[in-house]
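Shown next, in structure tokens, is the structure this report addresses.
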Amino acid sequence: MPIKSCTLPNGKNGFKYGDRGHCYPDKKSAIKQGIMIHISQNKGDKKKAYKDFRKEMTKAEEEILQSILSDPNSNENEVSWASDVLDLSMHQRLTLSTNRRILKNS
């Protein structure tokens, strides 16, 4: 189920996951909503939920997750779940962590 456009209560454009649900001002929040829906549908099994989400993920959604990983200002919680959804290997996670530290310190 892809991220869809919607209208926020203030009349501005927003995004949501699927046909129902909350309308968010940014796609990143709508992706989080989609992931939470998959976790709920899989009775809390995050690994299976992430796998299911990956099967449905569009290229644009993958790029948003990649942008979370490359942004040195993303918080660690966002980086963690984006890494899980994208199923990064331990080597990829360590490289990412090192690169993020370098960017923060430069």
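Structure values in brief
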{"quantity": "Residue match in segment 3-17 (condition: surrounded by fewer than 13 Cβ atoms within 10 Å (Cβ to Cβ) and either within 16 Å of the chain's Cα centre (by Cα) or part of a helix (DSSP H, G or I) (or both))", "calculated": "no"}
{"quantity": "Qualifying positions in segment 62-106 - part of a helix (DSSP H, G or I) and of a type in the set (S, T, N, Q)", "calculated": "Gln66, Ser67, Ser70, Asn77, Ser80, Ser83, Gln92, Thr95, Ser97, Thr98, Asn99, Asn105"}
{"quantity": "Segment 38-64 residues that are under 13 Å from Val85 (Cα atoms) and without any contact (Cβ under 8 Å) to a residue 12 or more places away in the chain, paired with ones that are surrounded by 14 or more Cβ atoms within 10 Å (Cβ to Cβ) and of a type outside the set (Ser, Thr, Tyr) (beta carbon under 6 Å, 6 or more apart)", "calculated": "Ile39/Lys46; Ile39/Ala49; Lys48/Asn42"}
{"quantity": "Residue within segment 20-38 that is over 11 Å from the mean Cα position of the chain (by Cα), in a helix (DSSP H, G or I) and over 30 Å from Asn105 (Cβ atoms) present", "calculated": "yes"}
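Every read-out reported here was derived from the displayed coordinates using simple, explicitly stated rules and does not represent laboratory data. On a predicted model such as this, the values are computed, not experimentally measured, just so you know. Cβ atoms come from the backbone with ideal geometry, glycine included; neighbour counts cover every protein chain shown.
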